[in-house]
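Written below as structure tokens is the structure these notes are about.
The values are calculated or read from the model by the stated rules, or taken from the named source; none is laboratory data. Because the structure is a prediction, the values reported are computed rather than measured. Cβ sites come from the backbone with ideal geometry, for glycine too, and all protein chains shown count toward neighbours.
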Amino acid sequence: MSKPRVATASLAGCFGCHMSILDIDDRILQLIELVEFDKSPIDDYKGFTQRCAIGLIEGGCCNAENVHVLQDFRKNCDILIALGECAICGGIPAMRNTIPLRECLAEAYLDGPTVHNPSRRIPDDPEIPRLLNRVYPCHEVVKMDYYLQGCPPPADAIWAALTALLTNRPIQLPYELLKYD
Amino acid sequence: MATETAERKPTAKRIVIEPVTRVEGHGKVTILLDEQERVRQARLHIVEFRGFERYIRGRPYWEAPVLVQRLCGICPVSHHLAAAKAMDQVVGVDTLPPTAEKMRRLMHYGQMLQSHALHFFHLVSPDLLFGFDADPAIRNIVGVARKFPDLAVQGVMLRKYGQEIIKATAGKKIHGTGAIPGGINKNLSIAERDGFLKDLDQILAWSRGALKIARDYTMEHLKDLADFGSFESNHLSLIRADGAMDLYHGGLRAVGARGGKIFDHVDYRNYLDYIAEEVKPWSYMKFPFIKSLGPEKGWYRVGPLARLNTADFIDTPEAEAARKEFMALTKGKPNNVTMAYHWARMIELLHAAEKIRDLLHDADLQGTELRARGERRPVGIGLIEAPRGTLFHHYEVDENDQIARCNLIVSTTNNNTPMNRAVEKVAHDYLEGVQITEGLLNRIEVAIRAYDPCLSCATHAMGRMPLEVEIVGADGAVRARGGKGLYV
Ligand code: SF4
């Protein structure tokens, strides 16, 4: 029997949740015996090659491309896990939701103290994806199956959840592994 | 590049590598070839935007060190400390108690160690060990773990040691809370110290080994690498008052491609007089430059290569010996070889390990004076040498203790123009008039990876390349499309 496949994505996140996956340290060598990695920025398949058992999603959706990637993951993965606060509730990037997008762009590209922008044009080239009006948590875009709290969730929590799912056991997370900071 | 808008010329062939990066966000490369298959435009676009500078307004100043690190979970410590250094000024503190400064330095060297190890072992070693054209299915860290298990374990354990130091100094491996305005919130216990001392010799030995791999690789391939994605540039970093490399604090020094000083020992609180950032419509990442030279000539490189090029010496013996050997290659003048970043990075890895050793033997880490106080000031500007280069944090705080203004220039942004130059150079040298293969496209990413812009930027194509080649008409309509999901 072939090994189950795991895919990961970083949407509007800081990559800290991916770093926390790597913080399982030497257990990563056990993990690569248990699973095959598919599309992931860590060992980076740039597209899905096969159907995956588990998709881990870091970050919410702040632009059209994030939405596209998330939908692609829903289509290709049996189980989707929202990894960390950004995926669960938008996190720090969602702080922009209380402010008109125009003001955020103006601060970055027109009014900042180091800005040099004689044409006063805000980046708008067709090559860069369109920003959404606000940052959306994953479950507002597609159905999510599990949520792992923390910013980021501790490596031990990620390990416990993954090994439980891969061996068909219920996920048991002791209190210390649930961090809300 | 003649024009800054996306060209849509008839029969121009457009090549996209996506996703290529996640540089505090996400990036892609586009290359346009004309009818003669010449490169007419090659660009690295940064495609994500956060708006942090605006939405942090109104937050209390003491939140900044914990909030702002959520910009980047790859080197959160750098943001944590740069913000803390700015907030030291806001609470009126110019000199920290020795325990506080040394705890922060220990945290920072731990960060250097973990970040440089991650980049070299997990991300770059596959290119070096298997070659740029190797089968993408093995050209990744899993492939390294299967073929060179000892090396993979060393990489994992070096990174772990750095992360454990961060945990002991900041409270958490990722997004800690150790640094506070005016100081630090804990010291290092004897038990913690002894735990680190126990593994130290092994860490030093592995660091020497990593340096040797990077050095030997560069020397063996020097002929091919010298020109690979290379170009002359200015270099910028912080520098200690006596000219030593200092990753935590110093004045700004910029040197030209041949070594002439552009400015030196500049108090970084005056950075606005020296640095500006150009906005271009095709990227959310701005393009910094030295004001006196203007946007055309003033762009510069930061990070390990730039730091080696700006420093007069390194104050730890083994890294200094390595620096001398490195600089001898260019007779003491700046080294402008893009691929020399890897060697420079490993010299810094060993330097970080040596610094950690020296700090662990310093009794100040067990001191109990953790914090200083002073008169509130309205502005704080904190700079630090992050693993990827100089990082700028600038805050203005109003009388209600709320942040009124914020300006950040993150390390990778400083390397924006250089990364684009590297992409352009490799595209010209390898993609013109030939059958485009995955290996050739990987070369574009190899050049970007040298700058260690961020994790997924530095990652690898496996199996299927999401390579898209489009022939686009003048009206923007796609006339022909091929190669999507091309297997190569
Ligand atoms: S939850 Fe925290 S660690 Fe994870 S991506 Fe968001 S900010 Fe980063």
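Given the conditions (1) surrounded by fewer than 19 Cβ atoms within 10 Å (Cβ to Cβ); (2) within 19 Å of the chain's Cα centre (by Cα), and given that residue B:263 satisfies all but one, which numbered condition is not satisfied?
In the conditions (1) surrounded by fewer than 19 Cβ atoms within 10 Å (Cβ to Cβ); (2) within 19 Å of the chain's Cα centre (by Cα), residue B:263 misses (2) alone.
Please go through segment A:106-131 and give me each residue that is buried (at least 17 other Cβ atoms within 10 Å of the Cβ) and at pLDDT below 90, ordered by number.
If the condition is that a residue be buried (at least 17 other Cβ atoms within 10 Å of the Cβ) and at pLDDT below 90, then A:123, A:125, A:127, A:128, A:129, A:131 are the ones that fit.
Quick check: anything in segment B:357-364 within 30 Å of residue B:337 (Cα to Cα), touching a residue at least 12 places away in the same chain (Cβ under 8 Å) and within 26 Å of the chain's Cα centre (by Cα)?
No, segment B:357-364 contains no residue that is within 30 Å of residue B:337 (Cα to Cα), touching a residue at least 12 places away in the same chain (Cβ under 8 Å) and within 26 Å of the chain's Cα centre (by Cα).
Check off (1) modelled with pLDDT under 85; (2) not in a loop (DSSP other than H, G, I, E, B) for residue B:460 and give me the number that stays unchecked.
Residue B:460 satisfies every listed condition except (2).
Is it the case that residue A:142 is over 29 Å from residue B:296 (Cα atoms) and away from the ligand (no atom under 16 Å from the Cβ)?
In short, yes.
Consider segment B:389-436. How many of its residues are out of contact with any Pro (no Cβ under 7 Å at 6 or more places or on another chain), among the hydrophobic types (A, V, I, L, M, F, W, C) and outside any helix (DSSP H, G or I)?
10
Hey, can you tell me all the residues within segment A:107-155 that are charged (D, E, K, R) and at the interface with another protein chain (Cβ under 7 Å from one of its Cβ atoms)?
Hits for segment A:107-155 are A:107, A:121, A:124, A:125, A:127.
Could you check segment B:42-90 for helices (runs of 4 or more DSSP H) lying wholly inside it with 3 or more residues that are more than 8 Å from chain A (Cβ to nearest Cβ) and either under 25 Å from residue B:109 (Cα atoms) or modelled with pLDDT of 95 or more (or both)?
Output list reads B:64-67, B:76-90.
Given the criteria closer than 24 Å to residue B:162 by Cα, within 16 Å of the ligand (Cβ to nearest atom) and at the interface with chain B (Cβ under 10 Å from one of its Cβ atoms), does residue A:32 qualify?
It is false that residue A:32 is closer than 24 Å to residue B:162 by Cα, within 16 Å of the ligand (Cβ to nearest atom) and at the interface with chain B (Cβ under 10 Å from one of its Cβ atoms).
Go through B:159, B:139 for me and flag whichever is basic (Lys, Arg) and closer than 20 Å to residue B:448 by Cβ.
One residue alone meets the criteria, B:139.
Taking residue B:314 as the residue in question, decide whether it is within 14 Å of another protein chain (Cβ to nearest Cβ), surrounded by 15 or more Cβ atoms within 10 Å (Cβ to Cβ) and β-branched (Val, Ile, Thr).
no
From A:17, A:77, which residue is more than 10 Å from chain B (Cβ to nearest Cβ), surrounded by 24 or more Cβ atoms within 10 Å (Cβ to Cβ) and not polar (S, T, N, Q)?
Result of the check over A:17, A:77: A:77.
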